[in-house]
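Accompanying notes for the structure given below.
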Amino acid sequence: MSEFRFDRLFIGGAWVAPIDGGVRASIDPATGESWGDVAYGGPKDIDRAVAAAREAFEGPWRKMPGWERAALIRRFADLYATKIEALAQVESRDNGRAIRESRGDIGLHAQYYHWFASLADKLGGRTIPMDDSVHAFTSRLPVGVVGTITPWNVPLMAAAWKLGPALAAGCTVVLKPAEQTPASSLALAHLFEEAGFPPGVVNVVPGDGPTAGAHLVAHPDVDKIGFTGEGATAKTILKTGADTLKRFSFELGGKAPHIIFADADVEQALNAATGSAWALCGQSCALGSRILVERPIYHRVVEAFRERAATVRVGMPLDPATHMGPQAHLEQLSKTLSYIDFGKAEGAELVSGGARIDRDGLGGGYFVEPTVFAGVAPDMRIAQEEIFGPVASIIPFDGEDEAVAIANGTPYGLTAGLWTNDTGRAHRVAARIEAGMVWVNTYRYIRWSTPYGGFKASGWGRENGTEALDSYLETRTTVISTTGTFPNPFAN
């Protein structure tokens, strides 16, 4: 079924059986049944992975010149580019993402690794002008051993966004993927092995959050945690890791506003808004799940959403014709359906969808209809809380001030989008939105060189761009006397 093997952990450059974990069935969310066996580690497995990462950091990796690290990362990236189809098949089987989306996303990952490889030998510091008596300069040094915890919606993309800068900076990594979707991360380990990375530089240990994940966070020999997931989990991570004063970077989700002004090119805005509402089956923190529409075009947009929802092909993830697959696991299915009930109870108008799909041979999987609510008030739960399902909430507004107030009126601030043909309005509104990334007359344009991260409850730090390296590096300042003299303070 796959060219990769998943029933072992990858630790210290070797494939090993779990010590205190085990081998479990991985559930295909399209059928609700097992599709393969996957190794899960426990605290003792985390201990040996951290030990391997520390040995590699203190040994070959930190001492390796930047250009040599860059060459290895490039070799890995080139290998990755030859495995797009195999990786896409694994990820779609494991988390239910439509294969057309997996192929498109994974097809870009090699470029992310190439981008970070290009920075590995350019991590110089700077000289600090003082006076003739000293020479002052800074050096940029790797933080050390990094614990990376990735989410279940986009395991390989999240890994690229974290492993790329960590390895370029000279850090070593213990990767713990989400327990619901571990297989593609183990496939990734095969590629690091084949690319010839020194043993222990990258270790992959799937495991449960409360056991393996918590132990990784609390481990005294882990210097930094990079996490993508829910805010509640991030708070637990902070508390667990506080005793060891680790560094942290978080990407914690969002409730992105997608603002459509009456003067916009409405058809183009609809292409983006409907596409982003249901991409990844709604399971992305960057999706514009709150569609804010200026009143003169409100009913037109609502009707277009109704019509387009009917054209979304929901089906088996590995079918190339499928637009939208299932929710990634049973817990998320239950959460999405509960929010649909909240929307109905709070008085929003259910325009389309709103139910689990049990027809056309899909009844065994975790499928939900593309769902549209209209007449949504900004304070409703479906407009305030991250659902992570294919549920679009359409909210009317009058004028720029109200649009901005609604857009900023949640705890989140990850991404936002707006559509207008008024250049002045584009600048005015974009400047007032509290989000780490704002798109104007486009949406979900994310690349390796564009920093990505959130304001407010959407996270700490940035991924991608040169800014991504900051959380994996320490700055050391060195001051050297040019005279070799130091006055005796007690001479007089």
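Taking the stated definitions as given, is residue 420 out of contact with any strand residue (DSSP E or B) (no Cβ under 6 Å at 6 or more places or on another chain), within 19 Å of residue 263 (Cα to Cα) and surrounded by 20 or more Cβ atoms within 10 Å (Cβ to Cβ)? Against the criterion (out of contact with any strand residue (DSSP E or B) (no Cβ under 6 Å at 6 or more places or on another chain), within 19 Å of residue 263 (Cα to Cα) and surrounded by 20 or more Cβ atoms within 10 Å (Cβ to Cβ)), residue 420 qualifies. Within segment 248-278, can you find the residues that are aliphatic (A, V, I, L, M) and surrounded by fewer than 24 Cβ atoms within 10 Å (Cβ to Cβ)? Scanning segment 248-278 gives 262, 264, 266, 270, 272.
Might you check whether a residue that is within 25 Å of residue 159 (Cα to Cα), open to solvent by 60 Å² or more (accessible area, probe 1.4 Å) and part of a loop (DSSP other than H, G, I, E, B) occurs anywhere in segment 459-474? Scanning segment 459-474 turns up at least one residue that is within 25 Å of residue 159 (Cα to Cα), open to solvent by 60 Å² or more (accessible area, probe 1.4 Å) and part of a loop (DSSP other than H, G, I, E, B). Would you confirm, using the coordinates I've provided, whether residue 103 is open to solvent by 10 Å² or more (accessible area, probe 1.4 Å) and within 22 Å of residue 464 (Cα to Cα)? In short, yes.
Note on segment 136-160: residues that are of a type outside the set (S, T, N, Q), open to solvent by 10 Å² or more (accessible area, probe 1.4 Å) and not in a loop (DSSP other than H, G, I, E, B) amount to 6. Residues that are among the acidic types (Asp, Glu) and more than 16 Å from residue 281 (Cα to Cα) within segment 78-109 comprise 78, 85, listed in sequence order.
Among the residues of segment 355-383, which ones are among the small types (Gly, Ala, Ser), open to solvent by 10 Å² or more (accessible area, probe 1.4 Å) and closer than 25 Å to residue 300 by Cα? 355, 375, 377, listed by residue number. Restricted to segment 224-314, the set of helices (runs of 4 or more DSSP H) holding at least 1 residues that are of a type in the set (Gly, Ala, Ser) and in contact with a His (Cβ under 7 Å, 6 or more places away or on another chain) comprises 266-278. Taking the criterion of being touching a residue at least 12 places away in the same chain (Cβ under 8 Å), of a type in the set (Gly, Ala, Ser) and either touching a Lys or Arg at 6+ places or on another chain (Cβ under 8 Å) or over 16 Å from residue 208 (Cβ atoms) (or both), the residues of segment 10-40 that qualify are 12, 13, 14, 17, 30, 32, 36, 39.
How many residues, within segment 115-138, are closer than 28 Å to residue 217 by Cβ and in contact with a strand residue (DSSP E or B) (Cβ under 9 Å, 6 or more places away or on another chain)? Looking only at that region, the number is 1.
The values are calculated or read from the model by the stated rules, or taken from the named source; none is laboratory data. As the structure is a prediction and not an experimental result, all values here were calculated from the model. Cβ: placed from backbone, ideal geometry, glycine included. Neighbour counts: every protein chain shown. Accessible surface areas use protein heavy atoms only, side chains included; no ligands, DNA or RNA. Shrake-Rupley method; radii C 1.70, N 1.55, O 1.52, S 1.80 Å.
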